[in-house]
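Read the structure below first, then the notes.
The values are calculated or read from the model by the stated rules, or taken from the named source; none is laboratory data. As the structure is a prediction and not an experimental result, all values here were calculated from the model. Cβ sites come from the backbone with ideal geometry, for glycine too, and all protein chains shown count toward neighbours.
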Amino acid sequence: MSSASLREVDISTATRRTDDVLLEVAGVVKKFPGVVALDNVKFKLRAGTVHALMGENGAGKSTLMKIIAGVYIPDSGELRLKGRPIELTGPLDALNNGIAMIHQELNLMGPMTVAENIWIGREPRRFGFVDHGELRRRTQALFDALRIDLDPLAKVGTLSIANRQMVEIAKAVSYDSDVLIMDEPTSALTEHEVGHLFRIIRDLKARGKGIVYITHKMNELYDIADEVSVFRDGKFIDTRLAADITRDQIIQMMVGREVTQMFPKEPVPITDVVLKVDHLAVDGIFHDVSFEVRAGEIFGFAGLVGSGRSNVAEALFGVVPATAGTILIDGKTVRIGSPAVAMRHGMAFLTEDRKDSGCFLTLDVLANMDSAALSQGHYLRGGFVQRAQLERDCKAMAMSLRIKTPTLGETIQNLSGGNQQKALIGRWLLTKPKILILDEPTRGIDVGAKAEIHRLISELAGKGVAVILISSELPEVLGMSDRVLVMHEGRMTGILDRSEADQVTVMNLASQ
């Protein structure tokens, strides 16, 4: 390992930028059982640039990045670093060659300190023991250079998701790698934190580093990227300068078709009140929230991160029981003390975190999809599970949602994040809910899959389902909702009809 990894990184190095190719991928093929994940792909990363990688979930982006980071070994093809062929046998080998990856799913150790996480395996030593004073000093110097305001001695488990992301970034930078791979680095960051990250990226660019940036957020692409490569179905499609390609062109290359209507909100009959909430509260989190949702209505929740949107959803579904207020379903007061009770009342809840509270990662797709319906006895006849009918319905649902998987027997953790999300949506649709709560249903999902999910939401509303839609993406809330409830710091600040809801009005209410 280079000596740079054993000292704090000096990011004040004189600015440099070249058009030299740092990393080249040529003719790479990678197959998994039943799937060709990468089919003769190519890719070039130049020094001093940010190269955005775009594509639908399952297009091969993450597989290619894991090959570059040494996690996977390609079946054929070649990687060249600064013009010389390299064969990576593992992530440590990649780090030794100056390639670091910041994963979408964070891989830090909660009980250890920030400093220990960053320098694990590379700790400074004195007389054979870890020199904790030097360890702290190096971490603080790294944070000062990156303008990160964190305590090196804080336990990682006590940090927010956003601050853990900053620790991951600092750890990658600490190796002084020439190639940095960032997989959805802003998925859990606020607008302010995204701005901070972009400043760090621009500093790294100025030092001649090459950054591969995977994102589904088009606005980020134009803010930070120099070049854009598009992948589809495991194949390389094209590389363009970011300044020379439009959003619509990128989408068409990604999906192989034009996505003409991202928010296909159809007018449907909105009938009786299904859910009524009066003065709902959870002590110390949110208070005095009141609203009603009708059959056929898409009721949006908007607000900044930390406003309490998801907490209201959790209270409705009994994840965290409410401490005040009443909930009425079909005009009858109900006490929802657990998710099981909520499900018995016809409610379904897609949580915002598919890894921690959604997927059973070690089980197959079928087990993940059928779990909610089975728990509610939907497929029980005479005390026996109607397994054949259940499997037929799961297969039909998978086809309807276009879930990319070799079979329903595939372990769900082997699917892309977007396909995992669609499997979870399928789980709840199989329960045939009358109230469907969707918390960030399209987070981490590509534009093609987003359009499919939006269309599905509209169809469900057309069938009389009452839908609550929570999203950090304001265009999604505005484009899909009949009405929008806005929250700020645990309180509701207004409810807007579709005709009066626009970005300026919502943001004013969200920041009151």
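Do the conditions hold for I445, that is, is it in a helix (DSSP H, G or I) and surrounded by 20 or more Cβ atoms within 10 Å (Cβ to Cβ)? Spelling it out, it is not the case that I445 is in a helix (DSSP H, G or I) and surrounded by 20 or more Cβ atoms within 10 Å (Cβ to Cβ). Residue selection: K432 satisfies the criterion of being assigned to a loop (DSSP other than H, G, I, E, B), assigned by TED's automatic domain parsing to the domain that holds I285 and either under 25 Å from H345 (Cα atoms) or modelled with pLDDT of 90 or more (or both). With respect to the conditions (1) part of a helix (DSSP H, G or I); (2) surrounded by 20 or more Cβ atoms within 10 Å (Cβ to Cβ), I403 lacks only one, and its number is (1). I want to confirm something. Restricting to segment 67-87 and keeping residues that are surrounded by 15 or more Cβ atoms within 10 Å (Cβ to Cβ) and in contact with a Pro (Cβ under 9 Å, 6 or more places away or on another chain), which single residue is nearest to R240 (Cα to Cα)? Among those residues, the one meeting the criterion is L79.
I need the full set of residues from segment 357-400 which are part of a loop (DSSP other than H, G, I, E, B), polar (S, T, N, Q) and free of Cβ contacts under 8 Å to residues at least 24 places away in the same chain, in order please.
Q386
Screening segment 90-120 for residues that are surrounded by fewer than 18 Cβ atoms within 10 Å (Cβ to Cβ) and within 14 Å of S177 (Cα to Cα) and picking the one that is nearest to the chain's Cα centre (by Cα) gives P91. Could you tell me which of the residues L108, L150, L92 is assigned by TED's automatic domain parsing to the domain that holds K31, at negative phi and modelled with pLDDT of 90 or more? Just one listed residue meets the conditions, L150. Answer with yes or no whether A423 is outside any strand (DSSP E or B), in contact with a helix residue (DSSP H, G or I) (Cβ under 9 Å, 6 or more places away or on another chain) and assigned by TED's automatic domain parsing to the domain that holds A313. Yes; evaluated as a whole, the condition is true for this residue. Screening T158 against (1) free of Cβ contacts under 8 Å to residues at least 60 places away in the same chain; (2) under 30 Å from V35 (Cβ atoms) leaves a single unmet condition, (2). Going by what's in this entry, would L374 be described as closer than 28 Å to V334 by Cβ and surrounded by 15 or more Cβ atoms within 10 Å (Cβ to Cβ)? Yes. Do you know which of the residues in segment 377-400 that are hydrophobic (A, V, I, L, M, F, W, C) and modelled with pLDDT of 80 or more is surrounded by the most Cβ atoms within 10 Å (Cβ to Cβ)? Result: C394.
Checked against (1) touching a residue at least 12 places away in the same chain (Cβ under 8 Å); (2) of a type outside the set (K, R); (3) in a helix (DSSP H, G or I), L189 meets all criteria but (3).
Being surrounded by fewer than 21 Cβ atoms within 10 Å (Cβ to Cβ), of a type in the set (D, E) and touching a strand residue (DSSP E or B) at 6+ places or on another chain (Cβ under 7 Å) narrows it down to one residue among D288, D248; which is it? It would help to see each step written out before you state the result.
Details: D248 fails: touching a strand residue (DSSP E or B) at 6+ places or on another chain (Cβ under 7 Å).
Just a single option satisfies the conditions, and that option is D288.
Scanning segment 25-48 for residues that are surrounded by fewer than 20 Cβ atoms within 10 Å (Cβ to Cβ) and in contact with a helix residue (DSSP H, G or I) (Cβ under 8 Å, 6 or more places away or on another chain) yields a count of 1. Please find, within segment 461-503, the residue that is modelled with the highest pLDDT out of those that are surrounded by fewer than 20 Cβ atoms within 10 Å (Cβ to Cβ) and assigned to a helix (DSSP H, G or I). So the residue we want is G462.
Entry remark, segment 116-162: residues being in a loop (DSSP other than H, G, I, E, B) and farther than 24 Å from L92 by Cα number 10 in total.
Of the residues making up segment 461-479, those that are of a type outside the set (G, A, S) and in contact with a strand residue (DSSP E or B) (Cβ under 6 Å, 6 or more places away or on another chain) are V465, V467, I468, L469, I470, V477.
The set of residues in segment 204-228 being farther than 12 Å from V50 by Cβ and not in a loop (DSSP other than H, G, I, E, B) consists of M218, N219.
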